[in-house]
Amino acid sequence: MKQSELLTRQDLDEFKQEFMDILETKLKAAINEIQLNKRWLRTGELAEYLSLSTSQISVLKAEGVIKARKLGGTNYFNKIEIDEYLQNQGETYV
């Protein structure tokens, strides 16, 4: 085996870092895809989906703009209803 063909510890560390970066990117993309396909979103998930704060979500809920179902102390929002509301751009939400 030639000296130029040997792997060094640095080579392995660089490979490991590149592999971990790729894996992290792929996992984040998969998680985002799952989040987009969820039907029921918790307050934090809805806030992230709409690029709002959780406080703004609470205000919209309190004002009756969006509805939530409560289960075990956690609010769940129907993503389909939210998307329909957004498509109607604020028309009366039922």
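Read the figures in this text as sums done on the coordinates, not as results from a lab. These numbers come from a predicted model, not from an experiment. Ideal geometry is used to build each Cβ from the backbone, glycine not excepted, and the neighbour counts take in all protein chains shown.
Count Lys and Arg as plus one, Asp and Glu as minus one, and take only other residues whose Cβ is under 13 Å from that of Leu46; the net charge is then +3. Summed over qualifying helices (DSSP H, 4 residues or more, each -39500 (n - 2.57)) and divided by its residue number, the chain shows a 222 nm mean residue ellipticity of -19000 deg cm²/dmol. Going from the residue with the fewest nearby Cβ atoms within 10 Å to the one with the most, Arg9, Arg42, Arg69 rank Arg9, Arg69, Arg42. Dimensions of the range 39-94 along the principal axes, based on C-alpha atoms and rounded to the nearest Å, stand at 30, 21, 20, largest first. Close amide H partners of Ile66, meaning residues 5 or more places away or on another chain with modelled amide H under 5 Å apart, are Lys61. Using a Gaussian network model on the chain with a 10 Å cutoff between Cα atoms, which of Lys61, Lys26, Lys16 fluctuates the most? Comparing Lys61, Lys26, Lys16 in the GNM, the peak value goes to Lys16. Using the Cβ-Cβ distance between Arg42 and Ser4 with R0 set to 41 Å, the FRET efficiency from 1/(1 + (r/R0)^6) comes to roughly 0.15.
Calculated translational diffusion coefficient of the chain (25 °C, 0.890 mPa s; Stokes-Einstein with Kirkwood radius over alpha-carbon pairs) equals 148 µm²/s.
Considering only Leu46, Leu12, Leu23, the mean-square fluctuation computed in a Gaussian network model of the chain, springs between alpha carbons under 10 angstrom, is largest for Leu12.
Modelled label positions at Lys70 and Lys28, each set 7 Å beyond Cα in the direction of Cβ, lie 3.6 nm from each other.
Using a 10 Å Cβ count of at most 13 others and DSSP loop calls, identify the longest part of the chain lacking such GluC sites (Glu not before Pro).
So the longest stretch without any such site is 1-62.
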